[in-house]
Each structure stands twice: as C-alpha cells, then as structure tokens.
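Notes for the one structure printed next.
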Amino acid sequence: MDTQAIRAQMPVLVAGHVPRNVRTFKFNIFDGKPKVSTWGFHIDPKPFEGKVIVDTGDAIVVKIGRAEFAVLDRALLTEVPVEGAKVQVQPYARRRFDGLRADTPEERTEYAADGTPFTMQTHILGSAPAKLPLTQPRCPELQELINQLEQLPAPDGFRHITHLLVDAGAREFSVVDPLPDEIIKTPPAISFTVATEKFQGQVTLLYDRADDLYVIELKCDGELIERVDQVFFDSLGETLEQLIDDGSWRYIQVQCLSAPKTIRH
C-alpha cells in the first residue's frame with residue numbers, strides 16, 4: 001500500500017462521509033508498521049469497530065467516528081469486507097504468555113497501616129513486557145539468558161524476543177538448571193514448543209560455556225531437525241526469527257459483524 005498516495009486521496013475518499021459542518025477529519029493508517037506516541041514510545045493499537053466506506057483495491061477505509069477514519073492495508077487483512085459492512089478490527093498488539101495484552105497494567109497487593117489489603121495497578125509508559133513463565137533459576141548464565149530474551153529487541157525493532165516467542169505460540173517451557181561445577185557437562189538450557197508455518201516442534205536454547213555462546217536446536221518428535229551453533233547474544237532475535245517466525249503476527253484481524261459475503265484469505 002502506497003501510504004503517501006492514500007494520504008493525498010483521503011479528502012476525496014471521505015468527502016461524502018464527513019458532516020457538512022465539520023471542516024477537518026482524522027485518520028490512522030494501519031500498514032503493519034509500529035505506532036509511535038507523541039512521546040516517542042511504541043504503542044499497541046486498541047481494537048475498534050466501524051463501517052467500511054471505500055475499497056481502493058490496495059486499502060480499505062473504515063469510518064470509526066463522526067469525522068474519524070482508519071485506513072487498512074488490504075494485503076494484511078484476515079478477511080476482506082465489502083463496502084457497507086460493519087466490522088470489528090484488531091491491529092497487531094504485543095501480548096504476554098498468559099494471552100493478555102503486554103501493556104496491561106501490573107497488579108499487586110499492598111497493605112494499609114491497619115493491615116487492610118488493597119490492590120494497586122502500575123504501568124510504565126512505553127513498557128510492554130512479556131516475562132517468561134519460569135521461576136528464577138539458580139544458574140547465573142540461565143538468569144542472563146532469560147534477561148536477554150525479555151529485554152533484547154526482535155529484528156522488527158517493535159517487539160522483544162519474548163513477544164516473538166508469544167507470537168510463535170511458545171508453550172510447555174522447561175529448563176536445565178545446573179550447579180556451577182556441572183555447567184560444561186550439563187549445559188544450561190531453556191526448551192519450549194512452538195507452532196508456526198515455519199516450524200512445529202521443540203526449540204531448545206543452550207549455553208555453550210566453552211565458547212561463551214549459544215546453540216539453538218530444533219526437534220520434531222525427538223528427532224533433531226536443525227542445529228545452529230555459535231549464536232551471539234545479540235543474534236538471538238535474528239536467528240529465532242529466521243527459524244520460527246512466519247510473519248503471520250502482522251495480519252490485521254477483521255471480523256464482519258453485519259455484512260454481505262466476504263472474501264476470505
């Protein structure tokens with residue numbers, strides 16, 4: 001989708017859908033690229049509903065307010081609705097391993113001076129963590145691997161590596177957590193299963209103490225399918241993307257609430 005062209009066309013495309021007493025209108029373009037707030041933080045769009053008013057062949061324009069519109073890249077839609085359809089739209093949003101949005105405020109219980117418990121919610125602007133569903137290991141090298149997966153960016157620059165794992169359907173996590181004197185004989189490791197168009201099976205990240213590097217193994221039904229040696233910590237995201245990320249997370253989820261027949265991709 002040519003975003004510059006669509007921006008230029010928008011006044012004509014929405015001309016018949018803006019009230020006569022309104023001189024300006026707003027629109028957002030959803031083309032698979034991350035949204036950035038006025039503060040410079042990456043943000044995750046909220047789902048919205050609206051009515052399809054235009055199909056340009058490259059873009060779908062949805063009226064979502066009195067003078068507010070959304071432009072959707074047609075190639076990224078899970079369903080292509082016809083003009084006049086009422087739709088619910090969910091652009092990509094980073095998620096946690098429990099299925100909640102990654103920007104969901106953290107809850108914790110505090111206690112007043114008289115011992116009465118109360119719940120507090122905290123949210124750090126720009127923060128959308130996806131913590132691995134693992135207990136704190138005793139092995140320092142395993143602790144560092146967990147920290148790197150949670151903090152290092154994925155190649156797209158929007159997600160962290162753990163968001164990449166969530167989008168790949170990572171589950172059934174297990175660890176090998178050796179004592180310091182067993183670290184060579186029993187390498188620290190994190191294993192989990194994924195299910196994408198690229199790969200379905202078990203992924204294992206091992207720490208190679210001899211080279212101070214990582215090894216990534218892919219197994220299916222216990223059989224080794226692929227092994228990548230000498231992976232530097234700053235290449236973890238790129239290597240995992242090449243091995244298991246099929247890119248389907250970029251799709252814009254569209255559900256027709258009331259419409260004629262739709263074209264399903």
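None of the figures in this text is laboratory data; all of them are computed from the coordinates on show. Note that the structure is predicted; figures quoted are calculated from it, not measured. Cβ placement follows ideal geometry from the backbone for every residue including glycine, while neighbour counts extend to all protein chains displayed.
Things worth noting here:
- Nearest-0.05 FRET efficiency for Asp58 and Glu197, computed from C-beta distance (R0 25 Å): 0.55
- Rounded tilt (10° steps) of 140-151 against the dominant C-alpha axis of the chain: 10
- Placing a pseudo-label 7 Å from each Cα along the Cα-to-Cβ vector at Leu152 and Ser248 gives an inter-label distance of 2.6 nm.
- Pairwise Cα inverse-distance average, inverted: Kirkwood Rh of the chain (Å): 21.4
- Residue exposure sequence - Ser37, Ser235 - by fewest surrounding Cβ within 10 Å: Ser37, Ser235
- Taking the Cα centre of the chain as origin and assigning +1 to Lys and Arg Cβ atoms and -1 to Asp and Glu Cβ atoms, the resulting dipole is close to 1900 debye.
- Chain lengthening between Thr109 and Leu179 when straightened (0.36 nm per residue, less Cα-Cα): 21.8 nm
- Ellipsoid equivalent to the stretch 24-89 - semi-axes via the Cα gyration tensor, in Å: 21, 14, 10
- Ranked from largest, the principal axis spans of the Cα set of the stretch 126-248 equal 42, 38, 24 Å.
- With both residues required to sit in the chain, DSSP beta bridges show an antiparallel share near 90%.
- For the chain, adding -39500 (n - 2.57) for each run of n ≥ 4 DSSP H residues and dividing by the number of residues yields -4500 deg cm²/dmol at 222 nm.
- Here, the stretch 1-158 has an Rg and a Dmax of 21.1, 67 Å when only alpha carbons are counted.
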